[in-house]
Ligand SMILES: NC(=O)c1ccc[n+]([C@@H]2O[C@H](COP(=O)([O-])OP(=O)(O)OC[C@H]3O[C@@H](n4cnc5c(N)ncnc54)[C@H](O)[C@@H]3O)[C@@H](O)[C@H]2O)c1
């Protein structure tokens with residue numbers, strides 16, 4: 001079910017090796033975009049680019065810490081050198097290294113989130129804007145339902161996402177004079193490494209509570225989130241800027257354990273079309289880089 005909705009577009013997707021980012025890269029490539037899959041050297045960015053190329057899409061990998069401005073600039077330069085321009089920047093990179101009450105929350109995890117959740121979006125947006133001015137392109141960044149309501153036992157994480165919402169709204173207003181749109185996607189609990197006990201910092205009680213707090217009674221899939229990134233990044237959204245699009249199964253408007261009442265037709269994750277191989281290999285602990 002592809003429609004070339006991003007035909008002739010060039011996109012950078014940060015955090016593109018795993019989780020939601022892998023789905024965005026594969027979705028965008030299947031819709032005709034040339035994609036730069038950007039992530040840490042440890043992330044499967046080369047693999048995702050290869051998997052896209054094997055299925056007839058166009059993608060290259062950029063391996064580096066994009067919260068460092070010089071790396072962000074190299075990433076943008078790579079897109080322009082390889083594909084001639086840049087139309088779309090997706091600031092999807094982020095980390096979720098710890099779950100704890102604030103009195104026990106480590107300073108290390110706090111600083112790690114400031115760097116990877118915020119500085120990365122700042123550096124990439126700053127580096128990309130001169131190119132986006134030329135193409136009248138757009139930026140879509142990863143917010144979160146936790147940036148709207150806050151999140152218990154991970155208050156600093158929710159804070160980084162609240163920053164992202166306000167940051168993108170400010171950019172939307174100031175960058176309109178250059179023809180650049182800026183929007184945010186606000187995922188709820190998504191089926192990636194972060195929301196499973198074996199692969200992320202959540203315990204089983206938190207996973208159960210999270211699902212029950214969601215009216216649809218389940219996590220969203222990475223592909224369901226990628227579909228909304230696709231709309232916002234495409235020319236179908238030419239009148240959308242400064243918006244926060246929730247993709248959260250209704251969790252932001254819910255109160256209490258409503259998920260246990262979800263209709264069975266909503267409770268199964270859709271199979272989707274993308275062949276995702278890295279959706280549970282994401283970034284869930286502090287690394288030394
Ligand atoms: N999974 C969820 O439930 C959920 C909910 C709300 C919002 N989000 C947001 O969606 C985004 C993706 O989350 P995910 O669940 O797919 O996690 P993930 O760990 O699978 O993906 C994030 C990727 O970003 C990369 N990354 C982080 N900092 C980087 C940096 N400085 N340089 C290069 N790469 C970097 C990580 O290594 C990882 O590959 C995040 O911004 C997250 O905050 C996720």
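The values are calculated or read from the model by the stated rules, or taken from the named source; none is laboratory data. Not measured: the values here are computed from a predicted model. Backbone-built Cβ (ideal geometry, glycine too); neighbour counts: all protein chains shown.
Are any residues in region 1-25 closer than 22 Å to residue 200 by Cβ and either touching a strand residue (DSSP E or B) at 6+ places or on another chain (Cβ under 7 Å) or in a helix (DSSP H, G or I) (or both), and if so, which ones? Those that are closer than 22 Å to residue 200 by Cβ and either touching a strand residue (DSSP E or B) at 6+ places or on another chain (Cβ under 7 Å) or in a helix (DSSP H, G or I) (or both): 13, 14, 15, 16, 17, 19, 20, 21, 22, 23, 24, 25.
If the requirement is being in contact with a strand residue (DSSP E or B) (Cβ under 9 Å, 6 or more places away or on another chain), in a strand (DSSP E or B) and either surrounded by 24 or more Cβ atoms within 10 Å (Cβ to Cβ) or at pLDDT 95 or above (or both), which of these qualifies: 62, 28?
That would be 62, the only listed residue that is in contact with a strand residue (DSSP E or B) (Cβ under 9 Å, 6 or more places away or on another chain), in a strand (DSSP E or B) and either surrounded by 24 or more Cβ atoms within 10 Å (Cβ to Cβ) or at pLDDT 95 or above (or both).
The sole residue among 129, 89 that is assigned to a helix (DSSP H, G or I), away from the ligand (no atom under 11 Å from the Cβ) and either touching a strand residue (DSSP E or B) at 6+ places or on another chain (Cβ under 8 Å) or closer than 18 Å to residue 72 by Cα (or both) is 129.
In the set 72, 23, 3, which member is crowded, with 17+ Cβ neighbours inside 10 Å and within 26 Å of residue 272 (Cβ to Cβ)?
23
The single condition among (1) without any contact (Cβ under 8 Å) to a residue 24 or more places away in the chain; (2) under 18 Å from the mean Cα position of the chain (by Cα) that residue 74 does not meet is (2).
Residues that are touching a strand residue (DSSP E or B) at 6+ places or on another chain (Cβ under 8 Å) and assigned to a helix (DSSP H, G or I) were ranked within region 232-289; the one that is farthest from the ligand (Cβ to nearest atom) is 237. Candidates 200, 188: the one that is over 18 Å from residue 137 (Cβ atoms), buried (at least 16 other Cβ atoms within 10 Å of the Cβ), in contact (Cβ under 8 Å) with a residue 12 or more places away in the chain and within 13 Å of the chain's Cα centre (by Cα) is 188.
Residue-wise test of (1) more than 11 Å from the ligand (Cβ to nearest atom); (2) part of a helix (DSSP H, G or I); (3) over 19 Å from residue 113 (Cβ atoms).
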{"position": "41", "(1), (2), (3)": "no, no, yes"}
{"position": "52", "(1), (2), (3)": "yes, yes, yes"}
{"position": "56", "(1), (2), (3)": "yes, no, yes"}
{"position": "66", "(1), (2), (3)": "no, no, no"}
{"position": "98", "(1), (2), (3)": "yes, no, no"}
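In region 132-151, the qualifying residues are those that are within 22 Å of residue 180 (Cβ to Cβ) and not in a helix (DSSP H, G or I), and the one that is nearest to the ligand (Cβ to nearest atom) is 142. Looking only at region 206-218, which residues are closer than 16 Å to residue 146 by Cβ and either free of Cβ contacts under 8 Å to residues at least 12 places away in the same chain or assigned to a loop (DSSP other than H, G, I, E, B) (or both)? Once the filter is applied, which keeps residues that are closer than 16 Å to residue 146 by Cβ and either free of Cβ contacts under 8 Å to residues at least 12 places away in the same chain or assigned to a loop (DSSP other than H, G, I, E, B) (or both), region 206-218 yields 213, 214. For region 121-138, the criterion of being within 14 Å of the chain's Cα centre (by Cα) and farther than 24 Å from residue 28 by Cα is met by no residue. Residues of region 189-205 that are part of a helix (DSSP H, G or I) and near the ligand (Cβ under 6 Å from one of its atoms): 193, 194, 195.
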